[in-house]
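To start, the structure itself, in structure tokens.
The values are calculated or read from the model by the stated rules, or taken from the named source; none is laboratory data. Given the structure is predicted, the values throughout are model-derived calculations rather than measurements. In this analysis, Cβ positions are derived from the backbone assuming ideal geometry, glycine residues included, and neighbour counts consider all displayed protein chains. The protein model used for the area step is the full one, side chains on, heavy atoms only, and it has no ligands, DNA or RNA in it. Shrake-Rupley method; radii C 1.70, N 1.55, O 1.52, S 1.80 Å.
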Amino acid sequence: EDKVFVYYTDHGGPGILGVPEGAGDFIHASDLNDALVALNAKNGYKELLFYLEACESGSIFANLLKAPKVKAVTAANPTESSWGWYCPPQDTVQGKSIGSCLGDEFSVRWMEDADVADFSSETVGQQVTNVTTMTTKSHVQQYGDSTLDSEVIGHFEGSVDGRRSRGILGETGSNGAVNSRDVEVHLAYYKVLRAPTAEARKKAEAALAKLLKARAIVDARFLKIASVLAQGDATKAEEMLEGPVSELKNAKCHKETLMTAVKTCGPLSDYALRYSRLFANVCNMGMEEKEVESAVAQVCGSVVV
């Protein structure tokens, strides 16, 4: 009989979500949706509201959400990034620079709405409408059971008494907005700018250079895989690598080829999650899993790097 609220935030890519360090490689969209179906079959909830903050988060549910009585709201559509919010230089709290983004736009918006809402009267539909309007850098998406829209948010997000304070709904604007894919670079750059000594600046510059080098290696590796699959056709390889993925047409192929890439090339960094689209695109094109696995092995070899 429970009305369940799930809020999940992490990095993401087409059809996948990042996980905390030590919790595995990634969460695949098919596994998440299968888990919701299984939970429903076990009477694990009466209704379930799922808020998801991640890049390409719409791809997790687009044409994949089958569980009944579930409404999913995502920070972004299947083809775009979400955005860090209150990033440097707007990361100051009580006069101190935190050195991090203080939130993500979609998450900040729904929490700000919850701060000022009457939990006994504002509905899920009203909150989602408010958040969709206030979120300006990405396009909030909705999936699943729209009948939950008439429920009051207090049925999912807690009671009025459980809240410690009432905030003021924020204004639209950039508010230190940074594309989530580039947050780590942005933060590393600000460490250079804010270095208090010459020695600290040199260390921060070295850390930034190391980060950019690591990203360049990831870019080159997945470009090589795409080039092998495209048989040297540079235009086709670019389409495979960067072409938008509106939905996973072959979730099984996508998951299996991604797992092969992880086993052969090594774990996906937060940045590398973006290249999930390569495997989504080639699977959507109808390529055989063995063909993709062969290309991965050709580029990365048989030993994890």
Task: the chain: mean projected area of Cα convex hull, nm² - done: 17.9
Open item on the list: With just the Cα atoms defining each centre, how far is region 113-127 from region 64-104? Give it in Å.
Closed with: 19
- [ ] Under a 10 Å cutoff between Cα atoms, tell me which one of Asn130, Asn179, Asn43 has the largest fluctuation in the Gaussian network model of the chain.
- [x] Asn43
TODO: Could you give the size of the charge dipole of the chain about its Cα centre, using +1 on the Cβ of each K and R and -1 on the Cβ of each D and E, expressed in debye and rounded to the nearest 20?
DONE: 940
Open item on the list: How much length would be gained if the chain were fully extended between Ser100 and Glu242, taking 0.36 nm per residue of separation minus their Cα-Cα distance, in nm to one decimal?
Closed with: 48.3 nm
Task: Around Lys137: net Lys/Arg minus Asp/Glu count, Cβ-Cβ under 12 Å - done: -2
Task: Label-to-label distance, nm, for residues given as Ala220 and Ser294 (7 Å Cα→Cβ offset) - done: 2.6
Open item on the list: Just to confirm a number: summing +1 for Lys and Arg and -1 for Asp and Glu over residues other than Asp149 whose beta-carbon lies under 13 angstrom from that of Asp149, what do you get?
Closed with: -2
Open item on the list: Restricting to DSSP H runs of at least four residues, report the calculated mean residue ellipticity at 222 nm for the chain, -39500 (n - 2.57) per run over all residues, nearest 500 deg cm²/dmol.
Closed with: -13000 deg cm²/dmol
Task: Residues of the chain: accessible area per residue with a 1.4 Å probe, Å² - done: 49
- [ ] Work out from phi, with θ = phi - 60° and the Karplus expression 6.51 cos²θ - 1.76 cosθ + 1.60, the ³J(HN,Hα) of each residue of region 291-301, listed in order in whole Hz, and give x for Gly and Pro.
- [x] 5, 5, 4, 5, 5, 4, 5, 5, 7, 9, x
Task: Sites Val4 and Thr92 - FRET efficiency at Förster radius 51 Å, r taken between beta-carbons, to 0.05 - done: 0.90
Open item on the list: Can you tell me what percent of all Cα-Cα pairs in region 43-119 are more than 16 Å apart?
Closed with: 63
TODO: Using only protein heavy atoms and a 1.4 Å probe, report how much of Leu193 is accessible, in Å² to the nearest 10.
DONE: 100
Open item on the list: With an 8 Å Cα cut-off and a minimum separation of 6 or more residues, compute the relative contact order for the chain in percent.
Closed with: 18
Open item on the list: Run the numbers for Ala38 and Leu193: contour at 0.36 nm per residue of separation, minus the present Cα-Cα distance, in nm.
Closed with: 50.8 nm
Open item on the list: How large a share of the accessible area of the chain, in percent, is made up of carbon and sulfur atoms when the probe is 1.4 Å and the other protein chains stay in place?
Closed with: 51
Open item on the list: From the phi angles alone, apply the Karplus equation (6.51, -1.76, 1.60; θ = phi - 60°) to region 269-281 and give each ³J(HN,Hα) in whole Hz, x where the residue is Gly or Pro.
Closed with: 6, 4, 5, 5, 4, 4, 7, 4, 5, 4, 6, 5, 5
TODO: Only bridges with both residues in region 1-60 count here: give the DSSP antiparallel percent, nearest 5.
DONE: 35
Task: Pairwise centroid distance, computed over Cα atoms, of region 1-56 with region 235-250, Å - done: 24
- [ ] Report, for the chain, the % of DSSP beta bridges that are antiparallel, rounded to 5.
- [x] 55
